[in-house]
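Written below as C-alpha cells is the structure these notes are about.
The values are calculated or read from the model by the stated rules, or taken from the named source; none is laboratory data. Keep in mind it's a predicted model, so treat the numbers as computed, not measured. Cβ placement follows ideal geometry from the backbone for every residue including glycine, while neighbour counts extend to all protein chains displayed. Ligands, DNA and RNA are excluded from the accessible area calculation, which covers all protein heavy atoms including side chains. Shrake-Rupley method; radii C 1.70, N 1.55, O 1.52, S 1.80 Å.
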Amino acid sequence: MDESVIHQAVKVLGHDGLVVYPTDTIYGLGADAFSEYAIERVYEAKMRPRAMPVSVAVSDIEMLGAVACVDRFADAFVDRFLPGPVTVILKAKSCLPDILTVGTGRIGVRIPDHPVPLSIIRELDAPITATSANIHGAADPVTVNDVHVPHDFLIDGGRLPGTPSTVVDLVNRTVVRAGAQIEEVGAFLRDMA
C-alpha cells in the first residue's frame, strides 16, 4: 500500500474524519477512538442505535493493554488469536470516551491481520473505530461498491473475505457473535474452562 494513502488517512482521522479501510474480514469505518465528535459521526453515518457500543482496532498488544484490562486468561486468548478475525470484549480503561462503551464499562477490541489498518493505527498512534462500513443492519461490505455510509476517505483493498469477526466476551468467557475462526475459538474456551 502506498505510504501517501496511509498519510492521507491519518490526516483525515486527525481532523475527526471518517475513513473506510480494508481489514482481514470486511471494510471497516474508522474514526479516532479518542474523539467523541468523530465517534458521534460514526453513529450518524451508520444510523447505529446509540445503545450499541462501538469496537476499536489497535495495532498491537501494548496498545490493547492501554485501552483495556487484560488478565491472564485474556492474555492467553489474545496471544492465540490476535492479530486475526476475532474481537475481544474486555473491561475498558478510563482513557476511552464513554460514547464507545455506552455505559457498559466494556470495550470490543480487534487487532486486524491486515497491513492497512495496522499502518494507519501505528501512524496515528491511537486506536480507531472497528465497525463495519455499512448502514446498521445492512449487508457487510466486501468490496468498495458495497460501502454506502458517508465517509471522508476510502481505501480500496479489493474484494475482502467477507466473514465478520467472531466476538468473544473474555470477561464472561462467552461467544457473543459467531464469525471467522469460531471452531478454534470455541475449542479454546472449552479447553480453558
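Taking the criterion of being over 17 Å from Arg173 (Cα atoms), touching a Leu at 6+ places or on another chain (Cβ under 7 Å) and not hydrophobic (A, V, I, L, M, F, W, C), would at least one residue in the stretch 78-86 satisfy it? So far as the stretch 78-86 goes, no, none of its residues is over 17 Å from Arg173 (Cα atoms), touching a Leu at 6+ places or on another chain (Cβ under 7 Å) and not hydrophobic (A, V, I, L, M, F, W, C). Against the definition (in a loop (DSSP other than H, G, I, E, B), touching a residue at least 60 places away in the same chain (Cβ under 8 Å) and closer than 23 Å to Ala139 by Cβ), how does Pro117 come out, yes or no? The answer is no for Pro117. Based on what the data block shows, is Leu82 over 24 Å from Asp191 (Cα atoms) and open to solvent by less than 30 Å² (accessible area, probe 1.4 Å)? Here the answer is no, as Leu82 does not meet what is asked.
Looking across the stretch 126-149, the residues that are open to solvent by 30 Å² or more (accessible area, probe 1.4 Å) and farther than 15 Å from Thr23 by Cβ come down to Ile135, His136, Gly137, Ala138, Ala139, Asn145, His148. Of Val19, Val42, Val102, all but one fail to be buried (at least 19 other Cβ atoms within 10 Å of the Cβ) and out of contact with any Gly (no Cβ under 8 Å at 6 or more places or on another chain); the exception is Val42. Looking at Glu123, Glu184, just one residue is open to solvent by 40 Å² or more (accessible area, probe 1.4 Å), more than 19 Å from Phe34 (Cβ to Cβ) and in contact (Cβ under 8 Å) with a residue 24 or more places away in the chain, and that residue is Glu184. For beta carbons closer than 9 Å, sequence separation of 6+ or different chains, a first residue in the stretch 25-40 that is in contact (Cβ under 8 Å) with a residue 60 or more places away in the chain and a second that is in a loop (DSSP other than H, G, I, E, B) and among the hydroxyl-bearing types (Ser, Thr, Tyr), the qualifying pairs are Thr25/Thr163; Thr25/Ser165; Ile26/Thr163; Ile26/Ser165; Tyr27/Thr143.
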